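Here is the structure we will look at, set down as structure tokens.
The values are calculated or read from the model by the stated rules, or taken from the named source; none is laboratory data. Remember, it's a predicted structure, so these values are computed and weren't measured experimentally. We place every Cβ from the backbone using ideal geometry, glycine too, and count neighbours over all the protein chains shown. Side chains included, ligands, DNA and RNA excluded: accessible areas come from the protein's heavy atoms. Shrake-Rupley method; radii C 1.70, N 1.55, O 1.52, S 1.80 Å.
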Amino acid sequence: MRIHHLNCGSVREIEATYNGPTPAHAVNHCLLIETDNDGLVLVETGLGLDDVRDPAGTLGADWVEMAQPVLDEQETAIRQIERLGYSPADVRHVIVTHLDVDHCGGLPDFPHAQVHVMAAELDAALAEAPSFRYRPAHWAHGPHWVTYTVTQPAEQWFGFDAVAAQGLSDILLVPLGGHTHGHTGVAVRDGDRWLLHAGDAYYYHREIQPDPHPHPLLDFVQTSSEVHHDLRLGTHARLRELVRDHGDQVSVFSAHDPWELARLTG
């Protein structure tokens, strides 16, 4: 297994809240996993070709005004995958943490892939779309959905409930509630360690440090888009405990923090 960390859609530039990292564009952090037996697995899609070519039509004018996406076709997952020597058909599985526009915008670029998502998330998206966060253009092609619920007693992953991704080895969906109705993290075994793509469970790396500090702008964005405030803050606390107790075994990162992406790509 080989894992690539990709930025599949830069958005507005943000500043860190302390001396050190220089300002950077927020990112849409995706994983491309080259598996031995299951083809390519894409965790998140970021923004897709249709979003770059018709942002108001697919993403929505209000979201574009808020997020200020760069809209560079070369940042789309499909173009980055092609530069690695693969074709879109090689992507057999897509796993999304949730169905906000910037997490599933590239789904139409991989029409033959199975799309793994929590059932509660798909139900909410289909019921609420079109809306600021859910845009039906991203699934108008009729994806092959693979949906999940967590039944009790659940599989345990470092104290979190989890469910194995169907047909895939060493990949788990780890529900991380509060941001949307079916938000999940995605845990991927990387040798003798794990990666946890935490999606939008938090937005800024200092939120899961021992002395947590939110980012003023990013905190406004995540607070305004949450579906359950206490559950979201509880997820933050549990992720801090995970980093504190198992940071030598698990690398945790979120979807939009550019400094986390820089750390993981060297």
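Within the accessible area of segment 84-202, what % is carbon and sulfur when the probe is 1.4 Å and the other protein chains stay in place?
Roughly 51 percent of what the probe reaches on segment 84-202 is carbon or sulfur.
Over segment 121-266, what number does the Rg to Rh ratio reach, with both radii from the alpha-carbon atoms and Rh per Kirkwood?
My calculation puts Rg/Rh at 0.96.
So how much accessible area does Glu207 have, in Å² to the nearest 10, using a 1.4 Å probe?
Glu207 has an accessible surface of roughly 10 Å² with all protein chains in place.
In nm, to one decimal, how far is the modelled label at Gln249 from the one at Gln74, with both set 7 Å along Cα→Cβ?
Placing both labels 7 Å along Cα→Cβ, they lie 4.2 nm apart.
Taking just the C-alpha trace of segment 1-113, give me its Rg and Dmax in Å.
Both quantities, over Cα of segment 1-113: 14.5, 45 Å.
Given q = 0.15, 0.17, 0.26 Å⁻¹, what are the Debye log10 I(q)/I(0) values for segment 1-61, with equal point scatterers placed on the Cα positions and solvent ignored?
For segment 1-61 at q = 0.15, 0.17, 0.26 Å⁻¹, log10 I(q)/I(0) is -0.64, -0.75, -1.02.
Go through 226-236, 104-114 and give me the packing order, highest mean Cβ count within 10 Å leading.
Taking the mean over residues of other Cβ atoms within 10 Å, the ranking is 104-114, 226-236.
Can you give the accessible area per residue of segment 110-256, in Å², using a 1.4 Å probe?
Accessible area per residue: 44 Å².
Obtain the nm distance between the two label points defined at Ala237 and His112 by a simple spin-label model: each point lies 7 Å from its Cα along the Cα-to-C-beta direction.
4.8
Can you give the relative contact order of the chain as a percent, counting alpha carbon pairs under 8 Å and 6+ residues apart?
With pairs under 8 Å counted, the relative contact order is 16 percent.
Please list log₁₀ I(q)/I(0) at q = 0.26 Å⁻¹ for segment 49-122, using the Debye equation with identical point scatterers on the alpha-carbon positions.
Scattering profile of segment 49-122, log10 relative to I(0): -1.25.
Can you tell me the length gained on complete extension of the stretch Asp38 to Gln156, counting 0.36 nm per residue apart and subtracting the Cα distance?
Result: 40.1 nm gained on full extension.
Residue by residue through segment 86-102, what is 3J(HN,Hα) from phi via Karplus (6.51 cos²θ - 1.76 cosθ + 1.60, θ = phi - 60°)? Round to whole Hz and write x for glycine and proline.
Karplus-based 3J(HN,Hα) across segment 86-102 equals 10, 10, x, 5, 6, 7, 8, 9, 10, 10, 10, 5, 6, 10, 4, 4, 7 Hz.
DSSP loop trypsin sites (Lys or Arg not before Pro) in segment 1-92 with at most 15 other Cβ atoms within 10 Å of their Cβ, which ones?
Those satisfying the criteria are Arg12.
Relative contact order of segment 129-242, please, whole-number percent, based on alpha carbon pairs below 8 angstrom and at least 6 residues apart.
Computed value for segment 129-242: 18 percent relative contact order.
Where does each of Asp90, Asp62, Asp245 land when they are ordered by accessible area, with a 1.4 Å probe and the largest first?
Result of the area sort, largest leading: Asp62, Asp245, Asp90.
Between Leu126 and Ser224, what length comes free when the chain is fully extended (0.36 nm per residue of separation minus the Cα-Cα distance, one decimal in nm)? Kindly include the intermediate steps, with their values, before the conclusion.
Details: separation 98, 0.36 × 98 = 35.28 nm, distance 2.07 nm.
Gain on extension, Leu126 to Ser224, equals 33.2 nm.
Apply the Karplus parameterisation 6.51 cos²θ - 1.76 cosθ + 1.60, with θ equal to phi minus 60°, to every residue of segment 203-218 and state each ³J(HN,Hα) to the nearest whole Hz, in sequence, with x for glycine and proline.
10, 9, 4, 6, 5, 10, 8, x, 10, x, 9, x, 8, x, 6, 5
Can you tell me the alpha carbon radius of gyration of segment 93-167 divided by the globular rule-of-thumb value 2.2 N^0.38 Å?
Its radius of gyration relative to the 2.2 N^0.38 Å reference: 1.16.
Which option, (i) 19.1, 68; (ii) 16.9, 47; (iii) 20.9, 66, is the value of Rg and Dmax of the Cα atoms in Å that was calculated from these coordinates?
(ii)
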